[in-house]
1. Are any residues in region 19-42 in contact with a strand residue (DSSP E or B) (Cβ under 9 Å, 6 or more places away or on another chain) and within 13 Å of ligand 2 (Cβ to nearest atom), and if so, which ones?
2. Find all pairs meeting these conditions: Cβ atoms under 8 angstrom apart; at least six residues apart or on different chains; first residue within region 163-187 and among the acidic types (Asp, Glu); second residue assigned to a helix (DSSP H, G or I).
3. All but one of (1) buried (at least 23 other Cβ atoms within 10 Å of the Cβ); (2) more than 16 Å from the chain's Cα centre (by Cα); (3) within 16 Å of ligand 1 (Cβ to nearest atom); (4) not aromatic (Phe, Trp, Tyr) hold for Ala64; which doesn't?
4. Just for helices (runs of 4 or more DSSP H) wholly inside region 1-100: which have at least 2 residues that are among the acidic types (Asp, Glu)?
5. Could you list all residues from region 229-270 that are acidic (Asp, Glu), modelled with pLDDT of 95 or more and either assigned to a helix (DSSP H, G or I) or under 18 Å from the mean Cα position of the chain (by Cα) (or both)?
6. Within region 223-237, can one find any residue that is under 22 Å from Val133 (Cα atoms) and surrounded by fewer than 18 Cβ atoms within 10 Å (Cβ to Cβ)?
7. For Asn40, all conditions in the list (1) within 16 Å of ligand 1 (Cβ to nearest atom); (2) within 17 Å of Leu313 (Cα to Cα) hold save one; what is the number of the exception?
8. Examine region 67-84 for a residue that is of a type in the set (D, E, K, R), within 14 Å of ligand 2 (Cβ to nearest atom) and surrounded by fewer than 24 Cβ atoms within 10 Å (Cβ to Cβ), and state whether such a residue exists.
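The values are calculated or read from the model by the stated rules, or taken from the named source; none is laboratory data. Being a predicted model, the structure only gives us computed values, none of them experimental. Note that we place each Cβ from the backbone using ideal geometry, even for glycine, and neighbour counts take in every protein chain shown.
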Amino acid sequence: MPEERIWFDTDPGIDDAVALVLAASEAGPAVEGFSSVAGNVGEAQAAANVLRVTRAIEEALPGALGSPRLARGADRPLLRPARHATHVHGEDGLGGRLPPLPVDLLPKRDVLPAYRALVELAPPGERFEGTLVALGPLTNVALACLCDRDWPRRVRRLVVMGGSIEAGGNATAAAEFNFFADPEAARIVLEAGFPQLDLVPIDAGRRLAFTRSQWSRLEGIATPVARLVRELTGFWRDRVEAAGMVVYDAIAWMAVHHADLFDWRAYHVTVDTAGGAADGASVADRTHRPRPSNCRVAVDARAEPFWEHFFALLKCGGGAGTASPDS
Ligand code: RIB
Ligand code: CA
């Protein structure tokens with residue numbers, strides 16, 4: 001059963017784009033909107049990339065998405081200088097693999113700032129009975145928490161791609177990129193009191209690298225949506241061939257819609273904001289007398305059913321609403 005309502009806060013990003021394609025394939029009508037945030041690329045480029053990806057999804061899966069809104073978000077972290085990852089995603093954030101967006105199509109920044117759009121998903125007296133999926137630095141989500149301290153409690157579920165429990169960092173030796181890019185925002189969100197905060201850290205992908213074997217399976221699927229994923233990940237082809245790439249945000253989407261594919265542990269997690277060698281590192285309390293948990297963490301995944309579902313989705317394309325992990 002698709003989630004009633006889904007909102008993505010995102011910094012596309014090749015892996016963000018793959019996550020959006022998967023979501024459109026199996027829960028498209030539930031996708032209510034997107035908010036862009038500076039992360040892999042600057043915020044304006046992230047916003048343009050959301051529209052580039054949704055236009056490509058419409059070509060591959062006509063009608064799969066309804067008419068999701070785009071709210072433009074923070075163009076810099078709360079306190080830190082902006083940190084991008086164009087060395088991973090290419091200068092345009094999508095490896096140059098999709099047509100550029102006609103400039104007049106990009107909504108103006110001030111129409112509805114992202115943090116206001118997020119708060120308005122669950123205004124005072126109402127609840128957001130859906131899932132907010134955060135795939136980039138948590139700046140917009142943190143601003144929404146600061147704007148209305150009770151807002152987090154009105155959001156049924158927040159899923160965050162970010163952090164690392166025991167897998168080390170990918171931005172620095174200690175920190176995962178989304179938390180490293182805005183450590184203060186990550187700490188605010190973790191401590192804001194969301195009733196269900198599902199954290200999908202680097203650890204969840206420890207067995208889910210996209211390798212030559214996955215690439216070959218992908219090349220063997222002739223559907224438009226499989227071609228789109230192949231196009232989007234083509235920028236990483238040489239890395240896939242060499243050591244594999246973990247498509248983190250795609251894993252986060254699967255944790256949204258197929259939580260049973262993952263092993264979950266409840267922890268109290270906070271973030272180092274001291275600016276030292278561990279700046280932006282997530283710290284899970286695994287002592288014998290831990291603090292009360294503030295999230296549940298996807299610490300591992302069942303690789304075989306994960307890939308079975310991933311490829312079943314791409315085989316079915318728009319008809320994948322019925323696809324399930326055992327399909
Ligand atoms: O560390 C991986 C995360 O940082 C992913 O969301 C990727 O898109 C970047 O935002
Ligand atoms: Ca991302």
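1. Once the filter is applied, which keeps residues that are in contact with a strand residue (DSSP E or B) (Cβ under 9 Å, 6 or more places away or on another chain) and within 13 Å of ligand 2 (Cβ to nearest atom), region 19-42 yields Ala19, Leu20, Phe34, Ser35, Ser36, Val37, Gly39.
2. Hits for this filter: Glu166/Asp203; Glu176/Ile202; Asp182/Thr139; Asp182/Ala142; Glu184/Ala142.
3. That leaves (3) as the condition not met.
4. Once the helices (runs of 4 or more DSSP H) in region 1-100 are filtered for at least 2 residues that are among the acidic types (Asp, Glu), what remains is 14-27, 43-60.
5. Result: Glu231, Asp249, Asp260.
6. no
7. (2)
8. Within region 67-84, one or more residues are of a type in the set (D, E, K, R), within 14 Å of ligand 2 (Cβ to nearest atom) and surrounded by fewer than 24 Cβ atoms within 10 Å (Cβ to Cβ).
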